[in-house]
Amino acid sequence: MRWLAISRTTVLVLITVQTGAAQAAGDATRGADIFRQNCAMCHSPEPGQNLVGPSLFSVVGRAAASIADFSYSSAMKSSGIVWTADQLKAYLKAPRKYVPGVKMMFPGLTDEQDRENVVAFLATLRNAAGGGASPTTQAKASRSD
């Protein structure tokens, strides 16, 4: 019985820690605003809609330079990056320093919380099980104006 009480307490502590970490990771609603202001002129959140930059739909977990119909720089092609949240945050800080030779001219997001928020938004850009709003609908719904 004592083991069961310890296990329940351990599980509750782990859930609390994981929930806190997830909440601290970023605000997807604020990230959508930052995306619109800084990224949307070159990147689409929609699947298959490449602009000057590749679509960022389902970017989290995707290998860099993996959209077949987009012309990536050789630097990005040879980077070997898989876009985890940490990789994206590091890249968004200073893209041309993180992967020298990339085509992306954006200087980066200097504010760490802005990077966290954008990555939280990017993590929402994927097919939801059972349907759900498109990324454009999600972004429009998150507007604060």
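Only residues that are of a type in the set (S, T, Y), under 14 Å from P100 (Cα atoms) and exposed (fewer than 15 other Cβ atoms within 10 Å of the Cβ): list them for the stretch 74-89, please.
S74, S78 - these are the residues of the stretch 74-89 that are of a type in the set (S, T, Y), under 14 Å from P100 (Cα atoms) and exposed (fewer than 15 other Cβ atoms within 10 Å of the Cβ).
Pairs needed: first member in the stretch 108-124, in contact (Cβ under 8 Å) with a residue 40 or more places away in the chain and of a type outside the set (S, T, N, Q); second member anywhere, open to solvent by 40 Å² or more (accessible area, probe 1.4 Å) and in a loop (DSSP other than H, G, I, E, B); C-beta distance under 7 Å; at least 6 residues apart or different chains.
As it stands, the answer is E116/A25; A120/A25; A120/D27; L122/V60; A123/V60, since those pairs meet every condition given.
If V118 passes every condition in (1) crowded, with 17+ Cβ neighbours inside 10 Å; (2) among the β-branched types (V, I, T); (3) assigned to a loop (DSSP other than H, G, I, E, B) but one, which one does it miss?
Exception for V118: condition (3).
Could you please find all residues in the stretch 46-73 being farther than 25 Å from K97 by Cβ and not hydroxyl-bearing (S, T, Y)?
Within the stretch 46-73, E46, P47, G48, Q49, F57, A68, D69 qualify.
If we keep just the residues of the stretch 48-71 that are out of contact with any Lys or Arg (no Cβ under 9 Å at 6 or more places or on another chain) and among the small types (G, A, S), which is surrounded by the most Cβ atoms within 10 Å (Cβ to Cβ)?
S55
It is to be established whether one or more residues within the stretch 13-27 are modelled with pLDDT of 95 or more and either open to solvent by 30 Å² or more (accessible area, probe 1.4 Å) or charged (D, E, K, R) (or both).
yes
The values are calculated or read from the model by the stated rules, or taken from the named source; none is laboratory data. Given the structure is predicted, the values throughout are model-derived calculations rather than measurements. Cβ: placed from backbone, ideal geometry, glycine included. Neighbour counts: every protein chain shown. These accessible areas exclude ligands, DNA and RNA; they are computed on the full protein's heavy atoms, side chains included. Shrake-Rupley method; radii C 1.70, N 1.55, O 1.52, S 1.80 Å.
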